[in-house]
Amino acid sequence: MQSRLALFDRSYSAIVELCTELKLPPAIDTLWNLWLPLAMQIAGWKPSNRALIQGFLGGQGTGKTTLTQMLTVILSQLGLRAVSWSIDDLYLPYVDRIALRTRDPRMVRRGPPGTHDVQLGIEILTQFQQGQFPIALPRFDKSAFGGEGDRTQPQMIDHADIVLFEGWFVGVRPIESEFRIAPIVTEDDRQFARDMNRQLRNYVPLWELLDRLIVLYVPDYQLSKQWRKQAEHQMVAQGKPGMSDAEIDQFVEYFWKALHPKLFITPMVEQSRDVDLVLEIGAEHTVTRIL
């Protein structure tokens, strides 16, 4: 308790400043009950002789990006340099994704298995583990090419104690399934699901480099549609372009057809398979339970 209280005192002003920057209300309860103990746990997981590779699995709206930002601030108060990195930063360059889409028109969106440079990810995480600094950390600009996105200048990292590696299917492994769950309804849908499941095999060597995996789990996966619609409605209200509800349904269901959360993520959580900690997320985007 004393160590957490001391860490609270050291972290408080920086966390309030970050909340202001992110236009979030000062989350004092969350700081005390979640972010501080989680940062202390992650610090305790760090090997003595190399960087910790900490994975975070969470879908859109689960708050994984905000969480890693808060943890970075708190870990710095523990004398640990943390680097936040996303699987999105491993997207194939624009020209390669256009070529992929030409070969396979089903790969119309970036995000599903097959749209990342997995070998590059393996090389980067290995460099962190072996302390091969400086590291040119790949970064991705989602606004490039009219929102299609492209690689941008890498970020040079001269030291890191902890890598916070997050993504919507980080740590997810291939499964055995008939893929008979909505919205996977047609034979074409099932073939797409089977192909994406097969693609996951290529990611397993990347997941093997994770020291720990924390899952931000939404028991009611349908909430992701609701959250996306809320976000798009806010954008439209501010005069910005946004998707219609029908377009959002199509967008979200595309990813459910690729890797359905009920098939891939729920069993991981229920069986504690390759998972070190589960943060259950409720309808208000807040952690309701820690498993």
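Every number here is computed from the coordinates shown, using simple stated rules; none is lab data. In this text, all values refer to a predicted model and were calculated from it rather than measured experimentally. Heads up, the Cβs are rebuilt from the backbone with ideal geometry, glycines too, and the neighbour counts pull from every protein chain shown.
Could you tell me which residue out of ALA283, LEU164, ILE181 lies farthest along the dipole of segment 153-291 toward its positive end? Charges go on the beta carbon: Lys and Arg +1, Asp and Glu -1, centred on the Cα centre.
Farthest along the dipole direction, towards plus: ILE181.
For LYS229, give me every one of the aspartates and glutamates with a C-alpha distance below 17 angstrom, ignoring sequence neighbours fewer than eight places off in its own chain.
Answer for LYS229, where 17 Å is the Cα cut-off: ASP220, ASP245, GLU247, ASP249, GLU253, GLU284, listed by chain and number.
Which label belongs to the value computed from this structure, given these candidates for Rg and Dmax of the Cα atoms in Å: (i) 19.2, 59; (ii) 21.0, 70; (iii) 32.0, 88?
Of the listed options (i) 19.2, 59; (ii) 21.0, 70; (iii) 32.0, 88, (i) comes from this structure.
Would you calculate the separation in nanometres between label points at SER76 and LEU5, each defined as 7 Å from the Cα along the Cα-to-beta-carbon direction?
The answer from the label model is 2.6 nm.
Of the beta bridges DSSP finds with both residues in segment 2-284, what % are antiparallel, to the nearest 5?
Working: 8 of 28 bridges.
Rounded to the nearest five, the antiparallel share is 30 percent.
Just grab the label-to-label distance for GLU284 and LEU100, each label 7 Å out from Cα along the Cβ direction, in nm (one decimal).
3.8 nm
Given an 8 Å cut-off on Cα distances and at least 6 residues of separation, report the relative contact order of the chain as a percent.
Numbers: 414 pairs, mean separation 62.9, N = 291.
It rounds to 22 percent for the chain.
Once every DSSP H run of n ≥ 4 in the chain is given -39500 (n - 2.57) and the sum is divided by its residues, what mean residue ellipticity at 222 nm do you get, rounded to the nearest 500 deg cm²/dmol? Walk me through the numbers on the way to the answer.
On the way: 11 runs with 122 residues, N = 291.
Helix-only estimate at 222 nm: -12500 deg cm²/dmol.
For LYS142, give me every one of the lysines with a C-alpha distance below 17 angstrom, ignoring sequence neighbours fewer than eight places off in its own chain.
LYS240
Would you please classify the overall shape of segment 230-287 from the alpha carbon gyration tensor, given that a ≥ b ≥ c denote the square roots of the eigenvalues, rounded means a/c under 1.5, and beyond that prolate means a/b larger than b/c while oblate covers the rest? Write out the running numbers ahead of the final one.
Working: a/c = 4.22, a/b = 1.85, b/c = 2.28.
Oblate shape, in that a/c is at least 1.5 and b/c is the bigger or equal ratio.
Using +1 at the Cβ of each Lys and Arg and -1 at the Cβ of each Asp and Glu in the chain, identify which of SER86, TYR254, LEU22 lies farthest towards the dipole's positive end.
Going by the Cα projections, it comes out as SER86.
Which listed residue (PHE145, GLY59, LEU5) has the Cα farthest towards the positive end of the charge dipole for segment 2-284, taking +1 on Lys and Arg C-beta and -1 on Asp and Glu C-beta about the Cα centre?
Farthest towards the positive pole: PHE145.
Rounded to the nearest 0.05, what FRET efficiency do ALA182 and GLN130 give with R0 = 51 Å and r taken as the Cβ-Cβ distance? Could you check?
0.70
Taking Cα pairs under 8 Å and at least six residues apart, what relative contact order does segment 1-137 come out at, in percent? List each step's numbers first, then the result.
Values: 91 pairs, mean separation 31.8, N = 137.
Computed over segment 1-137, the figure is 23 percent.
At R0 = 22 Å, how high is the FRET efficiency between GLN153 and ILE122 if r is their beta carbon distance? Nearest 0.05 is fine. Write out the running numbers ahead of the final one.
Details: r = 21 Å, r/R0 = 0.98.
Efficiency for this residue pair is about 0.55.
When the chain is modelled as a GNM with alpha-carbon springs shorter than 10 Å, which of ILE281, ILE74, ILE15 fluctuates the most?
With Cα springs under 10 Å in the chain, the top fluctuation among ILE281, ILE74, ILE15 is at ILE15.
Under a point spin-label approximation (7 Å from Cα along Cα-to-Cβ), what is the ALA144-SER13 distance to one decimal in nm?
3.9 nm
With the cut-off at 1.5 for a/c, could you classify segment 190-257 from its C-alpha gyration tensor as rounded, prolate or oblate? Spell out each step's value before the answer.
Working: a/c = 2.59, a/b = 1.78, b/c = 1.46.
Note, shape of segment 190-257 comes out prolate.
Among all the lysines, which ones have a C-alpha under 17 Å from LYS257's C-alpha, if same-chain residues fewer than 8 places away are not counted?
Leaving aside lysines fewer than 8 places away in the same chain, those within reach of LYS257 are LYS225.
Treating the beta-carbon of each Lys and Arg as +1 and of each Asp and Glu as -1, no other charges, what is the dipole magnitude of the chain about its Cα centre, to the nearest 20 debye?
Values: 31 positive and 35 negative charges, 31 e Å.
Dipole of the chain, to the nearest 20 debye: 140 debye.
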